[in-house]
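Student: Could you have a look at this structure, given as structure tokens, before my questions?
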Amino acid sequence: MPDPLADREGLNALLAKVYETAREYMAGVDDLPAGGSAGRDEAAAGFGGDLPENGNGSLAAINRLLTDGLEAATNSSGPRFFHFVTGGSTPAAIAADWFVSTIDNNAGLWVSSPLASKIEQVAIGWLKDLLQLPVGWSGVLTTGATMSNFTALGAARQWWGKEHGADIARSGTAGLAPIPVLTGGFVHASVKKALSMLGIGHDTMRILSGDAAGRLDLPALDRELRALNGAPAIVIATAGEVNAGGFDPVAAMAELARRHHAWLHVDGAFGLFARVSPITSQLASGIELADSAIADGHKWLNVPYDCGFAFVRDGRLLNEVFGMGAPYFPATEADHPDFLYLGPEMSRRARSLTVWATLAAYGRSGYREMIERHIALASRLGDQIRASSDFELLEEPRLNVVCFRYHPDAIRDTDLDHVNRRLGEAIIADGRVYFGTTVYAGKVAFRPAISNWRTTERDVDVILAVARELAERIPRPS
């Protein structure tokens, strides 16, 4: 079938096939192994080969995705996928995402999609309301935490340059001193990647850690800022550290930043959602005092990949960095926002529709209830670990991440890292529950994160049982 035009009559049959497969999959995903089938790697490898000269038609191609593709996929939309702080997609978000693909609008300019542009404007306002951020902040949707950090830190870099009398977006950093960037040990790899892309450099960042877990040394931050003698700097706080859900003291950092002429950026990929519930809002207090903050949508908002949000106190800086035009682009009107001037991408998926749909469907109270359920489930798992004789809780759960390791009395302390790495490999290979290893406070550990709207007590209650069963099969070091 050499030309898609000849295939248009088959579209209804294709969509019906995909719908039926999706319906059956969603009906059973709660009971599927989170890691997918045992043959997932082999099934994925089967998609190799050369580009065909002549295609075999849409029905054959889609059938292969719906069979071999499902065999190769993880079931990350299910309730027992605890890896990487991954949320699922709410029913409203899934349906909206299908609609997004159907209309295929470019959400960069109002003229290319008044619908997506207006809904992004509304969605940004709703997110600020949900997350208790200042009404006057500007915001833009991105592909995720990395590009959100890139966007917000791009504004910070522009601010820093202007404090030195330079327009970095126009002229670059040539002739300027290195940008001082100060943070704690909770800093995430996405921040480092953003600093690399921005030309600031991740190795120039000064990590001020007060202990093995990475907690910020606040007096050291004060000393470093004082040593700059009023010269501008960028301070980065983490709200929701990935290993144990820890929080930097954002309010105290904001006070230091204000006193010492620094920009405070908050990486709150999932921790920003602590502000939704009164149970945890104090963990994320002070974020409203920052100059920028970010979060992921495909984590605790439970919308499809990919989605993130960047919020900046002074939106003019975003326009200075990302406001590239072209002769065929229309001028922005006050009531018609053009979001390509506020973020990195010019061609933009209309992801605002999924954000709007899920917030419209479930509202503030629905998200509060889900987040509080996840917090209770993390606490429940923490209690089970504490009550066990063969697992060790490495940090009290503060949010939705539980950091622990296998630690039976029969294994020497010197062998624990090796055994836990082997156990992590076994858990990934087994796939019934899905989470990998990390290193926390110098110890190899696990950090399952509860973020999926489907997850209930029955899903959390199998974690230790599966881990214990697999651990007992691991040969003990001699």
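Student: Determine the dipole magnitude for the chain: charges of +1 sit on the beta-carbon of Lys and Arg, -1 on that of Asp and Glu, nothing else is charged, the reference point is the Cα centre, and the result goes in debye to the nearest 20.
Tutor: With Lys and Arg at +1 and Asp and Glu at -1, about 880 debye.
Student: Output the peptides 273-284, 404-415, 310-321, 77-88 sorted from most to least packed, where packing is the average of other Cβ atoms within 10 Å over each peptide's residues.
Tutor: Final packing ranking: 77-88, 310-321, 273-284, 404-415.
Student: Can you bin every Cα-Cα distance in region 328-403 into 5 Å intervals starting at zero and give me the percent of pairs per bin, rounded to whole numbers?
Tutor: Bin by bin from 0 Å, the calculated values are 3, 13, 13, 11, 10, 10, 11, 9, 8, 6, 4, 2, 1, 0.
Student: At 0.692 mPa s and 37 °C, plugging the Kirkwood radius over alpha-carbon pairs of region 96-359 into Stokes-Einstein gives what diffusion coefficient in µm²/s?
Tutor: In µm²/s, the coefficient rounds to 176.
Student: Please compute the modelled spin-label separation between M324 and R421, points set 7 Å along Cα→Cβ, answer in nm with one decimal.
Tutor: Roughly 4.3 nm, to one decimal.
Student: So what are the chain's ellipsoid semi-axes, whole angstrom, largest first, if each one is the square root of 5 times an eigenvalue of the alpha-carbon gyration tensor?
Tutor: 36, 34, 20
Student: Could I ask something else about it? Once label points are set 7 Å from the Cα along Cα→Cβ at both S365 and R432, what is their separation, rounded to one decimal in nm?
Tutor: The modelled label-to-label distance comes out at 3.9 nm.
Student: Sorted from fewest to most neighbouring beta carbons within 10 Å, what does the list M147, M197, M205 look like? Please list the in-between numbers first.
Tutor: Numbers: M147 24, M197 16, M205 19.
With the fewest neighbours first, M147, M197, M205 line up as M197, M205, M147.
Student: Summing -39500 (n - 2.57) over the DSSP H runs of n ≥ 4 in the chain and dividing by its residue number, what mean residue ellipticity at 222 nm do you reach, to the nearest 500 deg cm²/dmol? Don't jump to the answer; show the numbers that get you there.
Tutor: On the way: 15 runs with 186 residues, N = 478.
Helices in the chain give a 222 nm mean residue ellipticity of -12000 deg cm²/dmol.
Student: Would you list which aspartates and glutamates come within 16 Å of K192, measuring only between C-alpha atoms, while excluding same-chain residues fewer than 8 positions from it?
Tutor: D203, E241, D267
Student: Consider a paramagnetic label point 7 Å from the Cα of K118 along Cα→Cβ; state which residues of region 339-375 have an amide N under 17 Å from it.
Tutor: 339, 350-357, 360
Student: Okay, next question. Can you give me the distance in nm between label points at D413 and V111, each placed 7 Å from the Cα along the Cα-to-Cβ direction?
Tutor: Using points 7 Å along Cα→Cβ, the separation is 6.9 nm.
Student: Among H298, H374, H188, which comes first, second and so on when ranked by fewest other beta-carbon atoms within 10 Å?
Tutor: So the ranking, lowest neighbour count to highest, is H188, H374, H298.
Student: Determine the gain in length on full extension of the stretch Y19-H261; use 0.36 nm per residue of separation and subtract their C-alpha separation, reporting nm with one decimal.
Tutor: Net length gain for the segment: 81.6 nm.
Student: Please work out the C-alpha center-to-center distance from region 164-233 to region 424-438 and express it in whole Å.
Tutor: Spelled out, the Cα-based centre of one part sits 35 Å from the other.
Student: Of all DSSP beta bridges in the chain, what percent run antiparallel (nearest 5)? Mind showing how you got there, number by number?
Tutor: Details: 23 of 38 bridges.
Roughly 60 percent of the DSSP beta bridges within the chain come out antiparallel.
Student: Hey, can you rank 338-349, 100-111, 392-403, 420-431 by average C-beta count inside 10 Å, highest first? The partial results should precede the final answer.
Tutor: Numbers: 338-349: 20.7, 100-111: 15.9, 392-403: 22.8, 420-431: 18.7.
Per-residue Cβ counts within 10 Å, averaged per peptide and sorted highest first, yield 392-403, 338-349, 420-431, 100-111.
Student: Could you tell me the largest-minus-smallest coordinate of the C-alpha atoms of region 1-60 on each of the three principal axes, in descending order and whole angstroms?
Tutor: So the extents along the principal axes, rounded to whole Å, are 40, 29, 9.
Student: On to the next question. Work out Dmax and Rg for region 1-121 from the C-alpha atoms and quote the Rg first, both in angstrom.
Tutor: 17.5, 48
Student: Give the peptides 53-62, 227-236 in descending order of average Cβ contacts within 10 Å, highest first.
Tutor: Top to bottom by mean Cβ count within 10 Å: 227-236, 53-62.
Student: Under 26 Å Cα to Cα from K118, which lysines show up? Leave out anything in the same chain fewer than 8 places away.
Tutor: Reachable lysines: K128, K299.
Student: In addition: Using the Cα centre of the chain as origin and beta-carbon charges of +1 (Lys, Arg) and -1 (Asp, Glu), tell me which of A189, P477, Y434 is placed farthest towards the positive end of the dipole.
Tutor: Value computed over the given set: A189.
Student: Could you tell me the largest-minus-smallest coordinate of the C-alpha atoms of region 423-478 on each of the three principal axes, in descending order and whole angstroms?
Tutor: Principal extents (largest minus smallest coordinate, Cα): 43, 26, 16 Å.
Student: For an R0 of 25 angstrom, estimate the FRET efficiency from the Cβ-Cβ distance between M346 and D167 and round to the nearest 0.05. Show your work: numbers first, answer last.
Tutor: Details: r = 21 Å, r/R0 = 0.84.
So, using R0 = 25 Å, E works out to roughly 0.75.
Rule-based calculations on the coordinates, nothing more; no lab input. Quick caveat, the model's predicted, so the values are computed rather than measured. Quick reminder, even Gly has a Cβ in these numbers, built from the backbone with ideal geometry, and neighbours come from all protein chains shown.
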